[in-house]
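Working notes, beginning with the structure itself.
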Amino acid sequence: MSAEYLVNGSVAVITLNNPPVNGLGLATRTAAVEGIRKALADDAVKAIVITGAGKAFSGGADIKEFNSPKALTEPSLHTLIRTVEDSTKPVVAAIHSVCMGGGLELALGCNYRIAAPGAQMALPEVKLGLLPGAGGTQRLPRVLGLEMALNMIVSGTPVASDKLAQTALFDAVTAPGADLLAAAVAFAGTVADRRPLPKVRDRKVDYPNHEAFLQFTRNTVKAMSGPFPAPLQCVETVAASVTMKFEDGLKFERERFMQLIQTSESKALRHAFFAERVAGKVPDVPADTPTRDIRRAAVIGAGTMGGGIAMNFVNAGIPVVLLETRQETLDKGLATIRKNYENTLKKGKLTQEKFEQRLALLSGTLVYEDIGQADIVVEAVFEDMGVKETVFRKLDAVMKPGAILASNTSTLDLNRIAGFTGRPQDVIGTHFFSPANVMKLLEIVRGAATGKDVLATTLALSKKLKKTGVVSGVCDGFIGNRMIEQYSRQAGFLLEEGCLPEQVDKAAEKFGFAMGPFRMGDLAGNDIGWYIRKRRYVEAPAISYSASADLLCELGRFGQKTGAGWYDYKPGDRKAYPSALVDDMIVKHSADIGVERRKVSDQEIVERLVYSLVNEGARILEEGIALRASDIDMVYLTGYGFPLHRGGPMFYADTVGLPNVLSAIEKYAKGRHGDAWTAAPLLLTLAAEGKTFNG
Ligand code: NAI
């Protein structure tokens, strides 16, 4: 299926047909060009309508062809648009639902455009680090004017057709419920003999004093686009629609497009785009795996995580009951959630009606029998196997058959937890990230006995909760925390060897991390890591850690929540101020353990932090804990503030080159705490074979 050709009286109708969104892949482009040629060759045809089958006019380039030579094989999108624009018979675009990217560029090549109301119009290429490369930057300003076109192209945000009804983009926007195709065919009939044919490329972009406006826009966009070059290039190419002749503008657009497509930022964004789409696809759990209905939920524990998790259900319209051990703790948990919604209401981000609807979906109890009918229960009690055991034994006794029993544990063995029940097939890990109502990531932990339908249901639920669900196998820390432990170890060693927290954080933040390791520790609570290390000292005494973090915790400096951590904090202010006391403590610790402090370069800091993630990621991949390298990247992009323009740790390692990563690791293996740098076998193999993680 690609495009259909039908003649309706004297009007030929070409219907793009490439589900799901009529992507303009090679077969569709070829069929559309053939359709135009056929219509031109048929004397009975006086006008042509192009529309899209199903749920879109066209969503633009076919993402399946993205990195393949097919994308450039003739007829290219340029050729298709040129064929349409050069047609000697009028071409009318009949636009509905979705008209984006190449789809909108194609519509701009038509002589006339008729839209159904509510059609989403966008040139979203900037979101992939690109610019519209098939004339969009030259044609859109010619119908919308400079300012509006710039807004759409630089932001990539869709605008509804009705909002653009008064612009030259449309010849008509039909009434709600009207038959768009019938209207377009009738319109084509009325303009069949009208000459000359109107062409967008013949229009001029008038903007008095455009240079001043463009300069202002450049400054604003530059300040807002961080490390990404595409937004500014969008401005430059749109500017060319004012300052250059149409054909020169097209050439300029092409040039800049070809430059952008080679940038590491665009490659990273495209990687993240595909990674998000494949995350949650599990080879032995096909898309048609039956799922269970989730109509009611329960959450055990109304603490930091339980409250946020409950909000996720409420936001998705699923009623939720919170269970606690004491009335006081329950009331506190419920009050925190209410306060959260009140703040959203005050900010105007929630209507009074929605606010009330949400609160009505929330209730609390101290009695397990009250939650027995829930379809899913998420446990978020203390991170202690004994407490988890009590809870899961109780859940096994009260929950209805078929209920999903989920645990939010961040490090404990899910298989042991499942073993506390007589229904391990119903047990799964749902590892939310803090704050759970905000963070996009949901690690879905598949236990040895987890049922395929339970996994499929949880994956579907993650979409309903607007999370990026990534499947992880069972291991200590799962994907994200297992890797971050290696990163934190390196951060600690760096302190012993000569760094102070601020230097490490600054280097990490310059690389692009949302927060360096020490600011992150202060935000999350340094006591969490302390608790885990204390367990490790007993269970795995061979693993080395710097004692600096323990010394910090012994001072009660747990982070922002205690008003002091690696940094000092002022009441009501999240800004981190370097602490002389902590810095002295770090320097003294080096002396105490006989380490002569040295100057550590920012490059070394970043390499040690990032490559420790990569090396552990390689192990996780090899062990099958993560299904694919891009899943690890998704975990880091959505849960750990890894810089988006670097595409995630595994993708970043691929761009650096695995032999380069390996030689750095081998160098650090010869330094202090070299035991932390045993290269992962998978990294050794891939580097030797000249391959990449993301293959
Ligand atoms: P928290 O200490 O804030 O809350 C735990 C809540 O569970 C408390 O309100 C407590 O009263 C309640 N509770 C304890 N035993 C109970 C029982 N037997 N029945 C009912 N309620 C009980 O802890 P937090 O931070 O919310 O952590 C909960 C779980 O989530 C842990 O497994 C933790 O590892 C995990 N987690 C925590 C993250 C974080 O950033 N805090 C991130 C991801 C997971």
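Coordinate-derived values only; no laboratory data. Bear in mind that the values here come from a model prediction, so they are computed numbers and not experimental data. Here the Cβ positions follow ideal geometry from the backbone for every residue, glycine too, while neighbour counts run over all protein chains shown.
Key figures
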{"quantity": "Inter-centroid distance (Cα atoms) of the range 311-329 relative to the range 29-87, Å", "calculated": "52 Å"}
{"quantity": "Extension gain from ARG672 to ALA160, taking 0.36 nm per residue of separation minus the Cα-Cα distance", "calculated": "178.4 nm"}
{"quantity": "Inter-label distance for ARG218 and LEU555, nm, one decimal - labels placed 7 Å from Cα along Cα-to-Cβ", "calculated": "4.9 nm"}
{"quantity": "FRET efficiency, ASP179 to ASP206 (Cβ-Cβ, R0 45 Å, nearest 0.05)", "calculated": "0.80"}
{"quantity": "Under Karplus coefficients 6.51, -1.76 and 1.60, residue-wise ³J(HN,Hα) of the range 200-216 in Hz, glycine/proline x", "calculated": "4, 5, 7, 7, 10, 9, 9, 8, x, 6, 5, 4, 5, 5, 5, 5, 4"}
{"quantity": "Computed over the range 3-261, Kirkwood Rh from alpha-carbon pairs, angstrom", "calculated": "18.2 Å"}
{"quantity": "Residue-span extension gain [GLN603 to LYS354] - 0.36 nm each, minus C-alpha spacing", "calculated": "84.7 nm"}
{"quantity": "Value of [θ]222 nm, deg cm²/dmol, for the chain, DSSP H segments ≥ 4, -39500 (n - 2.57) each, nearest 500", "calculated": "-15000 deg cm²/dmol"}
{"quantity": "Unit charges on C-beta of K, R, D, E only; dipole of the chain, Debye", "calculated": "1080 debye"}
{"quantity": "Other-chain or far-sequence residues with amide H under 5 Å of GLY364's (modelled H)", "calculated": "LEU322"}
{"quantity": "Between the range 110-155 and the range 220-241, the alpha-carbon center distance in angstrom", "calculated": "15 Å"}
{"quantity": "DSSP beta bridges in the range 3-261 [antiparallel fraction, %, rounded to 5]", "calculated": "30 percent"}
{"quantity": "Projected area averaged over orientations for the chain, convex hull of C-alpha atoms, nm²", "calculated": "34.0 nm²"}
{"quantity": "Amide proton proximity set for ARG113, modelled H, under 5 Å, gap of 5+", "calculated": "ALA93, ASP171, ALA172"}
{"quantity": "Cα-Cα pairs of the range 317-373 separated by more than 18 Å (percent)", "calculated": "39 percent"}
{"quantity": "Low-density loop positions, GluC sites (Glu not before Pro), the range 429-509 - DSSP coil, at most 10 other Cβ in 10 Å", "calculated": "none"}
